[in-house]
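See structure below.
Values quoted throughout were computed directly from the atomic coordinates according to the rules given, and no laboratory measurement underlies them. Because the structure is a prediction, the values reported are computed rather than measured. With ideal geometry, Cβ positions are generated from the backbone for all residues, glycine too; neighbour counts draw on all protein chains shown.
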Amino acid sequence: MVPLFYNTRSLWARRLSTGLTVVGLGLVVFVFSAVLMLANGIESALASGGDPSNVVVLRKGATSELVSGVGRDAVRVLATDPQVASGPEGLPLVAGERVVLLSLPSGRTQAMNTSARGISEASFEARPEIQLISGRRPRPGTNEVVLGRSLVGTSPEATLGGELRFARQRWPVVGVFAARGGAFESEVWADGMRLGTAFGREDFSSVLVRLRSPAQVDAFVNRVAADPRFTLEARPEPAYWADQASGLAAFIRVLGLFVSFVFSIGAVLGAMITMYAQVATRVAELGMLRAVGFRRRSVLASVVVESAMLGAAGGVLGALGALATRWIHVRTLNFQTFAAVSFGFSPTPAILLGALLFGTGMGLLGGLLPALRASRLSILDALRA
Amino acid sequence: MNYAGLAARDLMRNPLRMTLTILAGAVGVTAFIFLSTVIDLFYYNARAAQVDRLIVRNKVSFTQPLPLSYYARIAALPGVTAVTHQEWFGGKVGDSQKDFFANFAVDARTFLDVFPEFVVPPAQLAAFRGDPCGALVGEQLAQRFGWKVGDRVTLKGQLYPGDWTFNVHGVYRGARPGVDTTTLVFGYRCLNESDRLTEAMKDKVGIYAVRVDDPARSAEVAAAIDRLFDNSPYPTKTESEKAFQMGFVAMSSAIVTAVRVVSSVILLIILLVIGNTLAMGVRERTRDFATLRALGFRPRTVVGLVLAESSFIGLCSAALGVTVAPVLVGVFTKLIAARFGPMPDNLTRAHTLWISALAAVVVALLAGVGPALRAVRLPVAEGLRKVA
Amino acid sequence: MNLDARPAPAPMVRLRGVSKTYRRGTVEVPVLAGVDLTIATGAFEAFMGPSGSGKSTLLNLVSGLDRPTTGVVEVAGRDLALLDDRELSDWRAAHVGFVFQLYNLIPVLTAAENVELPLLLTPLSRGERRRHVAAALELVGLGHRVGHRPPQMSGGEQQRVAIARAIVSDPDLIIADEPTGDLDRKGAEAVLDLFGVLHRDLHKTLVMVTHDPHAAERAGRVHHLDKGVLQ
């Protein structure tokens, strides 16, 4: 085996080429991992909305709350199900909710579509993941609203103590809540009756039902589907939210992987150019290695290892760069729901490992042909060069 | 032989490296064109928007309805030449999100007055207008599902519960390239006169689209419409079709920005790859360049040789990329079409191709600047003795 | 080519008080110290001396590739200090031909194209250039190898191509830096014979640096340099 320091020194001797190649590979790895982190961020922002004990009841066939409608009597019927959990005062945890789209001013002239949720008494109790981080809950029967924490600062009045204006009414902000990074953090919550009146909506968009335990979810879903009294469809809450994000996450993922794939071809070519040059300038040295007794295989391995080093360095650089995007927060339109969602780049160990492997793999691939050329050199020709 | 000949010979010094570099450059150009086209996709509707068309929507948000009674009041305003209304129906053919396509309830009588870019044979149009539950489908959509005139299409409603069956009376084409032919429209009466609608849902429309006689006065007309309904329970927001569509783009701006950033990263990668190759070439030719200088060639000739090489790489990469990219875009749109509905054909615009080719050449030239300067900076006497 | 010989009264090269110092990091290394030298037009003079004696530096100064730290270098009556980098390029193209130890041919160009290079700097037409190239290659005895590239030729042949390149534009002064240093005896003799032709028949001024006593023998006068001083 040819010692590794021979490779490191050779790379160092041609720092400029080495540096350019590593930066090129690094940029590719950066895009690759940033994209995966973003898709992961979208999924964890939206898909983490929802509790395993909860079901969302929508009109049969509706894909989102925005296009669904549920009659008010359905809430009463659903509340009689024996498996429904009870709140602190024996109140069944069943909440008819109205979801509407608002257009809040954002920045100069732009408007951002925002989901507003008209809540019932049980809405907070039924969702243990909701934590007020400042202020208090809205009082029933008033126009008071609480904001998901992603919304704070996105619109001029979107802050504790501010006053939103929509539907020709004023809505004072009395609290801010967190929802473990989930989709609710991009919502405005207001009293269901007041919101319904303001938007001319009598029926509910959806009914949230909390069951005694996650084990009861499947049976409940089946009971709702089979119940002849209404044409409703119940879905586990986590599944509902995962679905809401699937389009956007898939778009980002397909786009990103597509781009990474195309990029990686370019980067492999770049690594190949550098490694061919490394081999070409070291023909005499490689011939000497063979002359003193290193086998063809060792020379081949040496060149491949050197190229893999380039790739690994690029991988580290790209992964570090991608980690730096953790502090960037993104807010964009989910074209499935027409409402804005906020999310960040969320790294996972798997993505970082993948980035390193991806970089090293590109290096390996780029080094293969040059290594083959190096190992095929005739000793005599090489020494004469 | 002449200077061009000299430059040409130099290019073939290391054919393998030259080929790899051009391929890498072409990959970059391809990716750049691809991403520019993805950005175009976001702006697609905004670019197709007509200047003389206004969109009237509920001020609260476009998902809130407007009363049908506004129709006559808008039509009576001076400067308004045609008005129509439409309502997002959101029906699906299957149960999954996969077969998604846009479908609207439109006012059969006035639809084509405001949207003349949709072309339907007169006989088909007459049939469509004569049947309350008649439907028109876009060429591309008809192709996708194999629909033809005379077919009955059943959609599952979301906003409007139940199954709805429409009679396809016509297939529309675009009057010019770039018109979206992936939607289905059907008569509003079919919806509004159905007994499945509650009283509150009746006589409501999604948006009004308005044509004005003079595009220069569209802001004035928009203001007049909004003033008309300012104190009603359903105040409106009227803006040009372009502004309406740009609103959606603005809400996706984070993604558009991200794609733009990635596009610049590509240019950077091309710069690195070509720069690397040129730097290697210059280093290996140090003695040749010194010899040329000793013979009396001026520095700018040497710079010219290096830049000729870089622009050659740039041009070849651009040519190759411009050829390959549209194919790649086609593959991508097929991949995402399953989820987001069919994409318009021929997305890659000539404009994008030109810009990308230009960018490639400029970037290649930039990549040549450093190596070219290095080629002439080294003292001649020193370079003459350099063994490559 | 200008073949008629006119005895020129003015010297081709005149160095007055020429010194050259290089900087190696923070240390100043003197290479030439107060060299005074005159080379007559039409002369063939050789410089010998151990490595590091300043021979090559002297050659670089005379051919306008480098500038002295102090002193005046005059070639063909021109003070080279008065020319800027661009003018110096043009001056070299018109007046100086080079022969290097490692030939310095462009590997991707054929013999004919290598010889043609200096002519690209002249207003000659394509046809005229081709005639000059053919004449120069004929003179060095390589008329049959016009289409060959340097890697396909022996060292001696490559050096003869380089000589053809040095004379094709009919310069007054030919500078040769160790022209036989990389050649075998036979190749070296051929090159030196050619130098004789250039000197005697074409009346060129030749300035040659060499380690090779056989080569130095051919020159009209031999200067010895040691530690930057002319002996």
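Points worth noting:
- The stretch A:17-151 shape via C-alpha gyration tensor axes, a/c threshold 1.5: prolate
- The phi-based Karplus calculation (6.51 cos²θ - 1.76 cosθ + 1.60; θ = phi - 60°) puts the 3J(HN,Hα) values of the stretch A:162-167 at x, 9, 7, 10, 7, 6 Hz, whole numbers, x for Gly and Pro.
- For the residues C:GLU189, C:GLU28, C:GLU87, a GNM of chain C with alpha-carbon springs under 10 Å puts the largest fluctuation on C:GLU28.
- Ordering C:THR122, B:THR154 from the fewest to the most neighbouring beta carbons within 10 Å gives B:THR154, C:THR122.
- For the stretch A:305-320, the Karplus equation 6.51 cos²θ - 1.76 cosθ + 1.60, evaluated at θ = phi - 60°, returns couplings of 4, 4, 5, 5, 4, 4, x, 5, 4, x, x, 4, 4, x, 5, 4 Hz by residue, with Gly and Pro reported as x.
- Between the helical axis of B:218-228 and the longest alpha-carbon principal axis of chain B there is an angle of about 40 degrees.
- Over 39 Å [Cα-Cα, the protein assembly as shown], rounded percent: 60 percent
- For A:SER134, the residues whose modelled amide H falls within less than 5 Å of its own, excluding neighbours fewer than 5 places apart on the same chain, are A:VAL176.
- Dipole size of the stretch B:80-119 about its Cα centre, with +1 on Lys/Arg Cβ and -1 on Asp/Glu Cβ: approximately 60 debye, rounded to the nearest 20.
- Considering only A:SER103, A:TYR6, A:LEU333, the residue lying farthest towards the positive end of the dipole of chain A is A:TYR6, judged by Cα position with unit charges set on Cβ.
- The alpha carbon centroids of the stretch C:150-168 and the stretch A:207-269 are separated by 76 Å.
- Under 5 Å, built H, 5+ apart or other chain: amide partners of A:GLY344: A:VAL330
- FRET efficiency for the A:SER298 to B:LEU16 pair, using the beta carbon distance and R₀ = 35 Å, is estimated at 0.90.
- Sorting the segments B:324-330, B:229-235, C:62-68, A:342-348 by their mean number of nearby beta carbons within 10 angstrom, highest to lowest, gives C:62-68, A:342-348, B:324-330, B:229-235.
- The trypsin sites (Lys or Arg not before Pro) found in the stretch A:63-142 that occupy coil by DSSP, while having at most 14 further C-beta atoms within 10 Å, are A:ARG108, A:ARG136.
- The stretch A:1-45 versus the stretch C:33-82: alpha-carbon centroid distance in Å: 52 Å
- Helix-derived mean residue ellipticity, 222 nm - over chain A, DSSP H n ≥ 4, -39500 (n - 2.57), to 500: -16000 deg cm²/dmol
- Here the contact order of the stretch C:11-230, divided by its residue count and restricted to Cα pairs under 8 Å and six or more residues apart, works out to 31 percent.
- By the count of neighbouring beta-carbon atoms within 10 Å, fewest first, A:ILE133, B:ILE74, A:ILE119 end up ordered A:ILE133, B:ILE74, A:ILE119.
- Filtered trypsin sites (Lys or Arg not before Pro), the stretch B:188-259: DSSP coil and at most 16 other beta carbons within 10 Å: B:ARG196, B:LYS202
- Phi angles across the stretch B:54-62 convert, under the Karplus curve 6.51 cos²θ - 1.76 cosθ + 1.60 with θ = phi - 60°, into 3J(HN,Hα) values of 10, 10, 9, 10, 5, 4, 5, 5, 6 Hz, Gly and Pro given as x.
- Distance between the stretch B:139-216 and the stretch B:21-55 - C-alpha centres, whole angstrom: 28 Å
- For A:ALA239 and B:ARG349, the FRET efficiency from 1/(1 + (r/R0)^6), where r spans their Cβ atoms and R0 equals 35 Å, is about 0.30.
- Prolate/oblate/rounded label for the stretch B:60-234 (Cα gyration tensor, a/c 1.5): oblate
- Taking GluC sites (Glu not before Pro) across the stretch A:71-165, the ones in a DSSP loop with at most 11 further Cβ atoms lying within 10 angstrom of their Cβ are A:GLU89.
- Close amide H pairs (under 5 Å, H built 1.01 Å from N) link A:GLY96 with A:LEU208, residues at least 5 positions away or on another chain.
- Cβ-based charge dipole, chain C, positive-most Cα from C:THR41, C:HIS211, C:LEU105: C:LEU105
- Cys residues of chain B that find no other Cys beta carbon under 4.7 Å: B:CYS316.
- By the rule of a C-alpha distance below 20 Å, with chain neighbours fewer than 8 residues away ignored, the lysines paired with C:LYS55 are B:LYS386, C:LYS20, C:LYS227.
- Cα gyration tensor, chain A - rounded (a/c under 1.5), prolate or oblate: prolate
- Placing unit charges on the Cβ atoms only, positive for Lys and Arg and negative for Asp and Glu, gives the stretch B:1-119 a dipole magnitude near 380 debye about its Cα centre.
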